[in-house]
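See below for the structure under consideration.
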Amino acid sequence: MDDKIILTGIKPTGTPHIGNYIGALLPLIKMSENHKTFMFIADLHALNAMHDAKEIRQHTYEEAALMIACGLNLENTVLFRQSDIDEVYKLTEFLMNVTPKGLMNRAHSYKAIVEKNTEAGIDIDSGVNMGLYTYPVLMAADILLYNSDIVPVGKDQKQHVEFARDIAGYFNNIYGETFKLPEPIIGEDTGYLPGLDGRKMSKSYDNTIPLFAPSNELKKKIMRIITDSKTPEEPKNPDESTIFQIYKAFATPDEIAGFRKMFLDGGMGYGTAKTILFEKIDSALAEKRAKYEYLMSHTDEIDAILEAGAQKARMVAAKTIAKVKKKMLGL
Ligand code: TRP
């Protein structure tokens, strides 16, 4: 264990799929095994687009249950709800005053909307609220509040972590060395799983396999994986098969070698291959699914874990705010 502090936020956006699990969740949980880790459900970041409180609350439980069910090490990890920490609202306000407006104008997500509006011939800022526009400042506050060294994120969030670094730099320039400069770690793109249609598994392609679907639903999804039209007798190329690619992510090396041989030898139809894949995933996830379902019907236990996390997070956050207040206001 080195003494680097890892931090990441997870937006409560809804049903996770097995691509998230293999590509992001498992690597994150592994990293948290031997690092001090802050992990929070970023419910404040959901506010600029989601206006249904019940939905945000429900998705927050889902994300927390997911992390716990998948084996997050709660000894090393401070798991909490972003909105439980008042200090993050404070730091956001303080950081606003060292953040150039032009930096926000350069944010990819904001720029994408401006481009779309321009094309449509409407006001460039149509549909943009200040929560969206200042999203990177809140994210910088998340990162800087807990003295984070390393921030594992998806590719789409890399710029936001760089902004946090920039904002830390602006602050340090004016007020003297205060914040560490955080570094993003980007989830390997090579680690991604193909979805039902063979493209990268992603909500935006509508080709996902949900992580904790009931067995019969999981089976139905897997049966929908698109294959070529080879007959059962024909040998098949495992490396071009979505079925095999997904199987690889869940099986042991011996099992993978056995399945590979069945593809190459011929004599196995895609229906059979899908059944084998289904049984593998279903058994690999059974225990985690049960734990997840248990937690979702005992949300008081999730609340207790999040509150314990919040208490620890607050202690660190309060120190940062004290430091910043002193530097900025002399108080
Ligand atoms: N914006 C991130 C996302 O949409 C979630 C997030 C919020 C985050 N605060 C963070 C990630 C701080 C890393 C660090 O996925």
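The table below gives the values:
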{"read-out": "Looking only at region 1-50, and only at residues there that are under 27 Å from residue 242 (Cβ atoms), exposed (fewer than 15 other Cβ atoms within 10 Å of the Cβ) and more than 13 Å from the ligand (Cβ to nearest atom), the one that is modelled with the highest pLDDT", "value": "30"}
{"read-out": "Selected residue (only one of 101, 111 is surrounded by 11 or more Cβ atoms within 10 Å (Cβ to Cβ), without any contact (Cβ under 8 Å) to a residue 12 or more places away in the chain and assigned by TED's automatic domain parsing to the domain that holds residue 157)", "value": "111"}
{"read-out": "Complete set of residues in region 228-269 that are of a type outside the set (Ser, Thr, Tyr), touching a Pro at 6+ places or on another chain (Cβ under 8 Å) and in contact (Cβ under 8 Å) with a residue 40 or more places away in the chain", "value": "245, 246"}
{"read-out": "Residues being assigned to a loop (DSSP other than H, G, I, E, B) and without any contact (Cβ under 8 Å) to a residue 12 or more places away in the chain - total across region 206-227", "value": "3"}
{"read-out": "Answer residue from region 125-149, given it is in contact (Cβ under 8 Å) with a residue 60 or more places away in the chain and of a type outside the set (A, V, I, L, M) and is nearest to the ligand (Cβ to nearest atom) among those", "value": "142"}
{"read-out": "Qualifying residue in region 177-188 (condition: of a type in the set (Gly, Ala, Ser), under 15 Å from the mean Cα position of the chain (by Cα) and within 24 Å of residue 78 (Cα to Cα))", "value": "yes"}
{"read-out": "Residue among 185, 174 that is assigned by TED's automatic domain parsing to the domain that holds residue 141 and surrounded by 14 or more Cβ atoms within 10 Å (Cβ to Cβ)", "value": "185"}
{"read-out": "Lone unmet requirement of (1) in contact with a strand residue (DSSP E or B) (Cβ under 7 Å, 6 or more places away or on another chain); (2) open to solvent by less than 60 Å² (accessible area, probe 1.4 Å) for residue 312", "value": "(2)"}
{"read-out": "Exclusive hit being more than 27 Å from residue 326 (Cα to Cα), modelled with pLDDT of 95 or more and surrounded by fewer than 22 Cβ atoms within 10 Å (Cβ to Cβ), set 53, 65", "value": "53"}
{"read-out": "Single match in 88, 98 (criterion: of a type in the set (A, V, I, L, M, F, W, C), assigned to a loop (DSSP other than H, G, I, E, B) and either at pLDDT 95 or above or away from the ligand (no atom under 16 Å from the Cβ) (or both))", "value": "98"}
{"read-out": "Subset of region 87-98 (residues that are within 26 Å of the chain's Cα centre (by Cα) and in contact (Cβ under 8 Å) with a residue 60 or more places away in the chain)", "value": "87, 88, 90, 91, 95"}
{"read-out": "Subset of region 150-173 (residues that are more than 9 Å from the ligand (Cβ to nearest atom) and at pLDDT below 95)", "value": "155"}
{"read-out": "Residue within region 173-189 that is closer than 25 Å to residue 313 by Cβ and assigned to a helix (DSSP H, G or I) present", "value": "yes"}
{"read-out": "Among residues of region 114-148, those that are open to solvent by less than 30 Å² (accessible area, probe 1.4 Å) and either part of a loop (DSSP other than H, G, I, E, B) or at pLDDT below 95 (or both), counted", "value": "3"}
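Residue-by-condition table, conditions (1) basic (Lys, Arg); (2) in a loop (DSSP other than H, G, I, E, B); (3) more than 23 Å from residue 311 (Cβ to Cβ):
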{"site": "22", "(1), (2), (3)": "no, no, yes"}
{"site": "25", "(1), (2), (3)": "no, no, yes"}
{"site": "30", "(1), (2), (3)": "yes, no, yes"}
{"site": "45", "(1), (2), (3)": "no, no, no"}
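The values are calculated or read from the model by the stated rules, or taken from the named source; none is laboratory data. Since we're looking at a predicted model, the values are computed, not measured. Counting neighbours? That spans all protein chains shown, and the Cβs are built from the backbone with ideal geometry, glycine included. Areas reflect the complete protein model, heavy atoms only, side chains present, ligands, DNA and RNA absent. Shrake-Rupley method; radii C 1.70, N 1.55, O 1.52, S 1.80 Å.
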